[in-house]
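The values are calculated or read from the model by the stated rules, or taken from the named source; none is laboratory data. Small disclaimer: the values here were computed from a predicted structure and weren't measured. Cβ sites come from the backbone with ideal geometry, for glycine too, and all protein chains shown count toward neighbours. These area figures cover heavy atoms from the full protein model, side chains too; ligands, DNA and RNA do not enter into them. Shrake-Rupley method; radii C 1.70, N 1.55, O 1.52, S 1.80 Å.
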Amino acid sequence: MTAPPRPAGIEFHDVTVAYGRRPVLWNVDFTVPGGCLYGIIGPNGAGKSTLLKAALGLVPLAGGEVRILGAALEAVRGRVGYVPQRESVDWDFPVSVTDVVLMGTYGRLGWLARPGRRERELAAACLERVGLADVADRQIGRLSGGQQQRVFLARALAQEADVYLLDEPMAGVDARSQEQIFAVLAGLRAEGKLVAVVHHDLRTAAAWFDEVALVDMRLVAAGPVAEVLTPENLRRTYSGRLDLLDEIGRAVAEGGRTR
Ligand SMILES: Nc1ncnc2c1ncn2[C@@H]1O[C@H](COP(=O)(O)OP(=O)(O)OP(=O)(O)O)[C@@H](O)[C@H]1O
Ligand SMILES: [Mg+2]
């Protein structure tokens, strides 16, 4: 019996990426199905951020191909929203939270057009959605790290994309904000959008994602959480962290029951 065909999402075909002469992704081949909440998991330096950048054309491929929604990136670029991994940027320049979110609408408007009423209403709705309506006029530098993360999520929402790629949106964010961000991502999934998230915490991964890819320069495994986050795969990927394995095993079992 063959499974029914799944909607096109992101296809990684034998993707190899090297920085200089050092490969950091090697023949990575898997498909992120459309309309799901997908986790990209792996240890520090595994190539998770590079994988998103490869999908976005931000790093050159040394081999292979990426297709998004069944097309080459150039054809769908405007339908893909991206939230990069948080960097320690000192946001000292005088832009407000709303200004940053409005940047999400520029792709459709073109650089010369000024955002109008529709864009301002959209920005306000996106800030509301991430729980930041009350800081809309504040200078971006005067927010906590977790609030800044949510501003960048709001900027991506304002793009009204069909595919969202987020690099560790939960990093450095307290449990309450994490739940809030997760609720936003689950809402996007409910609208039929594809949301792929680089994520660090294996304990929450099991509960939050429909499917995951375990990456460590190569693809270790990809598919439903319970099939991928097995003790054996985790041992192969996190061999130095054996203490984690029991805990994750329990989280996977619980996550499977709550879905
Ligand atoms: N611009 C770059 N030039 C050279 N090497 C790089 C560059 N960016 C990343 N690397 C290296 O490539 C490897 C993969 O990096 P990447 O940022 O993709 O990992 P990651 O899985 O996202 O890690 P983390 O969990 O720490 O965010 C690492 O060894 C990193 O040092
Ligand atoms: Mg990274």
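So which of Leu214, Leu194 is over 12 Å from the mean Cα position of the chain (by Cα) and open to solvent by less than 30 Å² (accessible area, probe 1.4 Å)?
Leu214
Kindly provide the set of residues from the stretch 34-82 that are assigned to a loop (DSSP other than H, G, I, E, B), more than 16 Å from ligand 1 (Cβ to nearest atom) and farther than 26 Å from Ala205 by Cβ, ordered by number.
If the condition is that a residue be assigned to a loop (DSSP other than H, G, I, E, B), more than 16 Å from ligand 1 (Cβ to nearest atom) and farther than 26 Å from Ala205 by Cβ, then Gly70, Ala72 are the ones that fit.
What single numbered condition from (1) more than 17 Å from Val215 (Cα to Cα); (2) at pLDDT 95 or above; (3) surrounded by fewer than 17 Cβ atoms within 10 Å (Cβ to Cβ) fails to hold for Arg67?
(3)
Considering Glu160, Glu179, Glu128, which residue is outside any helix (DSSP H, G or I) and away from ligand 1 (no atom under 16 Å from the Cβ)?
Glu160
When the stretch 47-64 is examined, which residues are found to be touching a helix residue (DSSP H, G or I) at 6+ places or on another chain (Cβ under 8 Å) and surrounded by 20 or more Cβ atoms within 10 Å (Cβ to Cβ)?
Ala55 - this is the single residue of the stretch 47-64 that is touching a helix residue (DSSP H, G or I) at 6+ places or on another chain (Cβ under 8 Å) and surrounded by 20 or more Cβ atoms within 10 Å (Cβ to Cβ).
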